[in-house]
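Worksheet for the structure shown next.
The values are calculated or read from the model by the stated rules, or taken from the named source; none is laboratory data. Since the model is a prediction, treat every value here as computed from it, not as a measurement. Positions of Cβ are backbone-derived with ideal geometry, glycine not excepted, and every protein chain shown enters the neighbour counts. Ligands, DNA and RNA are stripped out before the accessible areas are found, and what is left, the full protein with its side chains, is counted by its heavy atoms. Shrake-Rupley method; radii C 1.70, N 1.55, O 1.52, S 1.80 Å.
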Amino acid sequence: MVSLAGSQILSPKQRPCAPRRPGHSMRTIRSALLHPDSPPGPSSRPRAAADEGDSDIENLTDSVIDFRLSELAATAGPAHPAAVAKSSSANAAATEMLELSRDFSDYSSFNSDISGELERLAAAAATPRSDAPDLAAVDLNDLESMDLSADAAPLDRVEPFVLACVQALGPDAAPDARRAAAARIRLLAKHRSDIRELVGVSGAIPALVPLLRSTDPVAQENAVTALLNLSLEERNRSAITAAGAIKPLVYALRTGTASAKQNAACALLSLSGIEENRATIGACGAIAPLVALLSAGSTRGKKDALTTLYRLCSARRNKERAVSAGAVVPLVHLIGERGTGTSEKAMVVLASLASIAEGRDAVVEAGGIPALVETIEDGPAREKEFAVVALLQLCSECSSNRALLVREGAIPPLVALSQSGSARAKHKAETLLGYLREQRQGGGGCRAGQGGAATSMAR
């Protein structure tokens, strides 16, 4: 009888395994399957969570592997073109798992069938998508005559043109190509919200921002207007801000063509819909060129500048910047431009600036009180209402301004307005008349701490 005591036959647990690749333990393979997107290096999880995760990895089953293979199969299938950038990482993950599975194919649960499945998936992921748009076949000139209505141009038809425009905006593209691409994105983003959203996620926004500083005025104007159109979609505003567009838009507001300036003002107005952006826009120097637009811009440019200033001046620091930039003089001048729509807006901005002491002093110095009284006397009904609101702001805390108002002969037109104006105008006129009655009881200046030049100097 043969004794097995000295036999060198080893139990299955004692058999030597093939040499493993350094740094790729079984735990690593299983962890890669469960957490394919985890970054390399030490984990930042709390220790208790890490121990629990290790327990799960040790109990990895074939069903979990099958689930991961299903995810890999999904990455090999059709995907949205906006996610094409992710394909390289998917290919690398599939290839790495294929190579690692070969190392363990004889001594682990990764049998030859699974290795074959991984090989098939790796090959599929590496194969270009058959449904990916062929950008080389896209003629961007076709956009000029394309009907971009929703019925005639569904998103899947528009998408190749969007991606081709983004490609043409690349830093290595010729200047003429970049200028034309910006013009086409401007066109694409003009009318439809769904196209603006598509362009916003396509990578066009960060590609447009450098053109805001272009020395080519046409390219700059196209980029400004494209970003303005894109900003009409609310979710694009954060992306435009994150791309660092505010300061370049201010640059275009200072240096661009007349159209670029007014569109830059509108774009900044749109971005100021995010309250946190208002202080940033002011700090980047937007107030002074907006004030310049009040004097030198077209009627439309003046309206855009007025609306943007009003929004920005919700921040006190921007009020101070506007007064320092000389905004009050052109605002008082615009009160006299009846029938254009600028007069009402100018009075609204004046009322905003009059909420700070420096603003009240500047309005009085620029002759704002006589101009506002004249509007109450013979202006249209709507302008009378805005004028009395501005006067209320000037006089509510400053008795010296009330005295000026009385001397300008404001009481008779205010009495008339309190009797025949709109409900709001009547209420404001009655309130202002009440302040003027208080004036008879004394007071020769602005209330301490509330206004006047002395208060301004003490700040």
Exercise. What are the pairs, 6+ residues apart or on separate chains, where a residue within the range 278-301 that is more than 18 Å from Pro248 (Cα to Cα) has its Cβ under 6 Å from a residue that is open to solvent by 40 Å² or more (accessible area, probe 1.4 Å) and of a type in the set (S, T, N, Q)?
Worked result: Thr299/Thr340
Exercise. Out of all the residues in the range 359-379, which are over 38 Å from the mean Cα position of the chain (by Cα) and assigned to a loop (DSSP other than H, G, I, E, B)?
Worked result: Gly367, Gly379
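Surrounded by 23 or more Cβ atoms within 10 Å (Cβ to Cβ) and hydroxyl-bearing (Ser, Thr, Tyr): is that true of Ser295 in this structure?
So Ser295 does not fit the description; no.
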For this session: Give the range 305-352 a look and list any residue that's under 19 Å from Asn263 (Cα atoms), surrounded by fewer than 24 Cβ atoms within 10 Å (Cβ to Cβ) and in contact with a Cys (Cβ under 9 Å, 6 or more places away or on another chain), or say none.
Result: Thr307
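For the range 399-421, name all the residues that are part of a loop (DSSP other than H, G, I, E, B) and open to solvent by 50 Å² or more (accessible area, probe 1.4 Å). Give the derivation first.
Initially, the range 399-421 is screened for residues part of a loop (DSSP other than H, G, I, E, B), giving 408-410, 421.
Scanning the range 399-421 gives a single hit, Glu408.
Residue by residue through the range 152-170, note down the ones that are open to solvent by 40 Å² or more (accessible area, probe 1.4 Å) and either in contact with a strand residue (DSSP E or B) (Cβ under 7 Å, 6 or more places away or on another chain) or modelled with pLDDT of 90 or more (or both). First the steps, then the outcome.
The initial filter retains those residues of the range 152-170 that are open to solvent by 40 Å² or more (accessible area, probe 1.4 Å), namely 154-157, 167.
Correct list: Gln167 only.
Suppose we keep only residues that are in contact with a helix residue (DSSP H, G or I) (Cβ under 8 Å, 6 or more places away or on another chain) and open to solvent by 20 Å² or more (accessible area, probe 1.4 Å) within the range 263-281. Which one would you say is farthest from Ile205 (Cα to Cα)?
Ala279
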Seminar exercise, completed: Within the range 188-198, restricting to residues that are surrounded by 20 or more Cβ atoms within 10 Å (Cβ to Cβ) and farther than 15 Å from Ala267 by Cβ, the one that is nearest to the chain's Cα centre (by Cα) is Leu198
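Would you confirm, using the coordinates I've provided, whether Ile281 is of a type in the set (Val, Ile, Thr) and closer than 23 Å to His333 by Cβ? It would help to see each step written out before you state the result.
On the way: of a type in the set (Val, Ile, Thr): yes; closer than 23 Å to His333 by Cβ: no.
For Ile281, the condition - of a type in the set (Val, Ile, Thr) and closer than 23 Å to His333 by Cβ - is not met.
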Seminar exercise, completed: Among Ala173, Ala180, the single one that is among the hydrophobic types (A, V, I, L, M, F, W, C), more than 20 Å from Ala267 (Cα to Cα) and outside any helix (DSSP H, G or I) is Ala173
